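Q: Please read through the structure below; I'll follow up with questions.
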Amino acid sequence: MPILPQYALFVIVHWWSAILHLVSAYWYERQLLRYQNHWLVQLNQIADFRPLEEACAAFQANNGRGAPIVHPSSRLVRALLVKYLYDLSLRHTEEMIDNHILLKWFVGYHLFEAPLDHSYLNRFEL
């Protein structure tokens, strides 16, 4: 006997990505209310990263790989900012973004989304 009815399994499988997106949005909203005085939340509210993001947009256009863009320049700029602000290595930056909820939010990833690889961030940094 299955644990869940067949229709429940269908709904879960069919809408899994949307469910994860909603859980991520809810969890981030909850954390942002709880940590509204955290310096990353404050920085996100006052800083305008658009000029940096626009200046770095050529990285995606000139990478020559032809693959879809998974990590837009906005995420890459913020990931490098995290690296420099925390004085981290590239590998440690990847790990911190993956494991720290506010860092993951600040860089622009959903809660269940895999962060960028340190080698990709290295190519962007160069």
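The values are calculated or read from the model by the stated rules, or taken from the named source; none is laboratory data. Owing to the predicted nature of the structure, the values given are computational and were not obtained by experimental measurement. Quick reminder, even Gly has a Cβ in these numbers, built from the backbone with ideal geometry, and neighbours come from all protein chains shown. Ligands, DNA and RNA are excluded from the accessible area calculation, which covers all protein heavy atoms including side chains. Shrake-Rupley method; radii C 1.70, N 1.55, O 1.52, S 1.80 Å.
Q: Based on Cβ point charges of +1 for Lys and Arg and -1 for Asp and Glu, what charge dipole magnitude is obtained for the chain about its Cα centre, in debye rounded to the nearest 20? Display every interim value, and only then the final one.
A: On the way: 10 positive and 11 negative charges, 21 e Å.
Here the size comes out at about 100 debye.
Q: Could you work out the relative contact order of the chain? I mean the mean sequence separation of Cα pairs under 8 Å and 6+ apart, divided by the number of residues, in percent.
A: Working: 82 pairs, mean separation 32.2, N = 126.
The value is 26 percent.
Q: I'd like the FRET efficiency for Asn99 and Gln45, computed as 1/(1 + (r/R0)^6) with the beta carbon distance as r and R0 of 25 Å, rounded to 0.05. Please list the in-between numbers first.
A: Numbers: r = 24 Å, r/R0 = 0.94.
For Asn99 and Gln45, the calculated efficiency is 0.60.
Q: Which order do Ile101, Ile3 take by accessible area at a 1.4 Å probe, largest first? Spell out each step's value before the answer.
A: On the way: Ile101 55, Ile3 165 Å².
Highest to lowest solvent-accessible surface, that is Ile3, Ile101.
Q: Here's something else I'd like to know. Using only C-alpha atoms and all pairs of different ones, pull out the Kirkwood radius for the chain in Å with one decimal. Walk me through the numbers before you get to the answer.
A: On the way: mean 1/r = 0.0609 Å⁻¹.
Hydrodynamic radius (Kirkwood, Cα only) of the chain equals 16.4 Å.
Q: How much of the accessible area of the chain, in percent, comes from carbon and sulfur atoms when a 1.4 Å probe is used?
A: Values: 5210 of 8590 Å².
Whole-percent figure for carbon plus sulfur exposure: 61.
Q: Shifting gears a bit: Suppose R0 equals 25 Å; then what is the FRET efficiency for Trp15 and Val70 from their Cβ-Cβ distance, rounded to the nearest 0.05? Display every interim value, and only then the final one.
A: Values: r = 22 Å, r/R0 = 0.89.
Efficiency computed from Cβ-Cβ geometry: 0.65.
Q: Over all directions, what mean area does the Cα convex hull of the range 1-59 project, stated in square nanometres? The partial results should precede the final answer.
A: Details: hull surface 29.4 nm².
Orientation-averaged projected area of the Cα hull: 7.3 nm².
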